[in-house]
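The structure appears right after this line, and notes come after that.
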Amino acid sequence: MLPLGWTEHKAPDGMAYFYNAASGQSSWVRPTMQQHHMPPPPGNGIPPPPGMSGYPSSQQSLHPPGLGPPPSSAPAPIASTEDAGISKKGKKPKREKAIKKTRILESPWFIVETNLENTFFYNKESKVSIWVPTPELEIILTKMGQEATEKIEAERRARDAEEQERLQALKRPFETDTGGQGDGDKRLRNGTEPQGTEMTEDDVAWQLAAMEEIMEDQDQHMASQDEYDDDDEDEEDNNAMQERLRMLQGSSASRAAAYLEILPENIQEREMAFLDMMRERGVTQFDTVDMALGKMEKDPRNRLIPDQKDKAALFDSFCVIRAREVKEAREKERQQKQDKEMEEGHHDRNTKDKHSTSLSRDSKSHTTTSSSSTSSASKTTNKPEDMYRRLMEEYTTKTSTWLDFMTKYRVDPRFLALKPGSLRESIFRQYLSDLKKGIIQPPSSKSSSSSDKDKRVSSSSSSNSRSSSMKHKATDAEIDEFMSLLKETKKDILYEHKNSSSVEWRKIKKLIDRDRRYDAVGSSTERELLFRKYADRVIQRRD
Amino acid sequence: MPKIKSSRTKRAPEGFDDIEPTLREFQTKMKDAENDPHEGKRKIEALWPIFRLHHQRSRYVYELYYKREAISKELYEYLLKQGYADANLIAKWKKAGYEKVCCLRCIQPKDTNFGTTCVCRVPRDKLEDGKVIECIHCGCRGCSSGSGASAGSAAARKGKPAAKSDDA
């Protein structure tokens with residue numbers, strides 16, 4: 001609790017700070033309690049937080065910390081003009097005095113109104129006066145407000161019940177009497193039984209007035225008719241009246257009363273009602289238990305489940321449900337966006353590019369952004385299998401093997417995207433056999449669709465191993481590719497040759513191993529042969 | 001652990017804004033507890049609110065991730081890194097029998113004369129009735145899993161009751 005004169009405010013970054021208007025101190029630290037007995041000085045606009053020199057002091061409503069207003073001066077943010085006005089007139093500033101003190105029910109707190117139109121809260125016990133109610137005080141205040149409304153409702157109900165009784169009393173004489181009063185009776189009946197359920201207070205008042213006129217005539221009759229009370233009829237109509245009143249008022253209090261009546265024993269229903277209440281009251285899965293209970297305090301359905309532990313347990317399960325719902329909702333959203341992307345991709349790729357990037361900016365998930373922003377030709381597919389295929393298309397030739405492919409590209413995300421590891425090999429082998437058979441043309445259009453090659457390929461389609469017996473001789477195109485790779489190693493060859501008389505294939509091999517073109521020539525023996533030839537040529541030329 | 005956001009710090013993962021107000025509240029409460037004057041309290045008693053708030057804050061994060069699954073793994077790890085929750089304490093909560101442990105000091109046998117755990121770890125029924133224990137480390141009144149209370153009120157049983165009380 002704040003000592004006197006101190007008020008709590010919120011800085012723009014969310015942290016709370018404390019300001020003492022009298023001394024002009026502002027502090028980040030909550031001040032300790034002292035025992036004083038003084039009403040708070042009148043509040044003057046918003047005091048700035050401590051240590052914030054750049055805080056907008058240019059605004060008129062703000063008061064610089066150095067200039068705390070004297071306790072008895074006139075309030076108002078527009079202090080300057082008022083002061084000027086007062087000093088002009090030469091009047092003494094008014095002394096602030098409490099005009100009215102209303103006690104807040106059952107607590108030491110008072111609401112004090114002063115003659116200078118200020119209202120503050122005063123605790124008689126702790127002698128604390130504050131401008132802004134503390135959370136506890138707020139609760140009490142709301143209770144007070146509730147009780148006040150309840151009182152009003154009760155009064156209204158009592159009034160209506162009274163009027164109702166009068167109606168009954170009136171009806172009885174009409175029922176017994178016939179003839180001339182029949183019309184009046186009908187009129188009354190029609191009036192009291194509204195066509196719809198809309199019986200406004202005006203109607204009630206009007207009817208009351210009408211009732212009173214007639215009642216004056218019927219007073220004697222009423223007295224004699226009391227004996228003819230028909231209790232059942234009374235109650236029925238009473239209940240009907242009550243129902244209409246309820247609908248009239250439409251207050252949650254009466255609804256709650258209805259709830260409590262409906263669910264005395266049924267535990268499941270009560271729990272459902274409790275959960276509904278949590279939903280309605282805006283309890284989120286991010287609340288602590290205390291926060292949640294605080295939100296539900298005001299709701300009468302809170303009383304349905306008396307035990308604190310059960311409440312906490314229900315709240316926990318509610319949180320789980322909510323979290324799941326939120327997740328599912330987000331998943332759905334993402335799915336919809338993905339589908340949208342797919343559709344548009346089929347129509348127009350260009351516009352889809354822009355659209356997908358804008359969508360990806362909007363969508364929260366990163367996977368869709370990454371997949372939609374890949375700059376490969378077919379953007380529509382996000383499936384891991386297709387990505388894997390693309391990886392294969394890029395790096396495999398007819399002479400690749402699974403082992404080499406795997407070792408080289410197992411770190412590639414596209415490789416790893418395809419989840420069951422066993423699938424990867426089978427897909428790869430399938431693809432390879434298709435390639436060799438010529439069913440699928442490799443994407444990098446080499447001139448490799450010659451029939452000679454096919455014949456050669458078909459013989460070795462079954463196995464993918466590098467056993468030289470099964471290997472076919474490389475085509476010219478492939479040799480050229482390999483040569484181009486070798487040419488790049490010319491420098492290394494010469495270097496090696498300088499240091500050691502013989503150039504080792506082993507060493508050079510390591511350098512060019514990773515390159516795509518290395519695989520162009522399938523057979524390792526052939527590769528070495530080619531290398532040898534090239535190396536000799538290079539050395540010869542040099543020499 | 002730096003809680004101040006500068007231009008160098010990484011942005012918080014998504015979902016942080018939902019829990020940010022609660023975390024901030026914990027922060028202010030912690031500040032108040034730290035700056036409380038020591039009048040009227042025992043020397044050790046002054047530290048109890050700190051432990052209590054620490055437990056509550058870590059509990060909040062733990063529940064959010066493990067029980068309610070309301071935050072993502074990314075956000076959870078971010079919170080741990082930034083010091084919004086104690087990872088070691090949470091690690092204890094994951095173990096059987098330690099679900100409601102109050103603080104790490106109370107299960108440290110090296111801190112006691114006889115190499116046992118703190119008295120607050122004793123289950124209620126083993127303790128003679130009527131004796132209200134407030135352990136010296138953190139003011140806990142019983143944090144064994146069988147003490148018969150939900151996790152929410154476990155913190156309430158440590159130190160002073162009424163977590164929300166603002167009275168000095």
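The values are calculated or read from the model by the stated rules, or taken from the named source; none is laboratory data. Keep in mind that what you see is a predicted model, and the values were worked out from it rather than measured. No Cβ is skipped: glycine too gets one built from the backbone with ideal geometry, and neighbour counts run over all protein chains shown.
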Inset, instruction - Kindly indicate whether any position in region B:90-98 is assigned to a helix (DSSP H, G or I) and within 13 Å of chain A (Cβ to nearest Cβ). - result: no
Legend entry - Among (1) under 21 Å from B:Ile50 (Cα atoms); (2) modelled with pLDDT of 65 or more; (3) surrounded by fewer than 17 Cβ atoms within 10 Å (Cβ to Cβ) - the single one B:Cys138 does not satisfy: (3)
Legend entry - Candidates B:Ser7, B:Ser58, filtered to the one that is of a type in the set (S, T, N, Q) and in contact with a helix residue (DSSP H, G or I) (Cβ under 8 Å, 6 or more places away or on another chain): B:Ser58
Inset, instruction - Within region A:1-11, count every residue that is more than 16 Å from B:Gln27 (Cβ to Cβ) and either modelled with pLDDT under 85 or part of a loop (DSSP other than H, G, I, E, B) (or both). - result: 5
Inset, instruction - Among what's in region A:34-49 and is at pLDDT 60 or above and within 14 Å of chain B (Cβ to nearest Cβ), pick the residue that is surrounded by the most Cβ atoms within 10 Å (Cβ to Cβ). - result: A:Pro49
Inset, instruction - Return the total of residues in region A:396-410 being surrounded by 16 or more Cβ atoms within 10 Å (Cβ to Cβ) and under 21 Å from A:Pro420 (Cα atoms). - result: 7
Inset, instruction - Name every residue in region A:488-529 that is within 22 Å of A:Ser400 (Cα to Cα), in contact (Cβ under 8 Å) with a residue 40 or more places away in the chain, assigned to a helix (DSSP H, G or I) and out of contact with any Phe, Trp or Tyr (no Cβ under 6 Å at 6 or more places or on another chain), in order of residue number. - result: A:Arg516, A:Asp519, A:Ser524, A:Thr525, A:Glu526, A:Arg527
Inset, instruction - Filter region A:18-33 down to residues that are outside any loop (DSSP other than H, G, I, E, B) and more than 10 Å from chain B (Cβ to nearest Cβ) and give me whichever is surrounded by the most Cβ atoms within 10 Å (Cβ to Cβ). - result: A:Tyr19
Legend entry - Selected residue (criterion: modelled with the lowest pLDDT) from residues of region A:376-432 that are charged (D, E, K, R) and within 35 Å of the chain's Cα centre (by Cα): A:Lys379
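For (1) away from chain B (no Cβ under 14 Å); (2) farther than 30 Å from A:Glu150 by Cα, each residue gets a yes or a no:
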site: A:Asp307; (1), (2): no, no
site: A:Asp316; (1), (2): no, yes
site: A:Val326; (1), (2): no, yes
site: A:Ala329; (1), (2): no, yes
site: A:Glu341; (1), (2): yes, yes
Inset, instruction - Answer yes or no as to whether B:Ile19 is in a loop (DSSP other than H, G, I, E, B), buried (at least 17 other Cβ atoms within 10 Å of the Cβ), touching a residue at least 40 places away in the same chain (Cβ under 8 Å) and within 11 Å of chain A (Cβ to nearest Cβ). - result: no
Inset, instruction - Among the residues of region B:30-49, count how many are in a helix (DSSP H, G or I), more than 13 Å from every other protein chain (Cβ to nearest Cβ) and either surrounded by fewer than 17 Cβ atoms within 10 Å (Cβ to Cβ) or in contact with a His (Cβ under 6 Å, 6 or more places away or on another chain) (or both). - result: 2
Inset, instruction - Determine which single condition B:Thr28 fails, assuming it passes every other condition in (1) within 22 Å of A:Lys10 (Cβ to Cβ); (2) out of contact with any strand residue (DSSP E or B) (no Cβ under 7 Å at 6 or more places or on another chain). - result: (2)
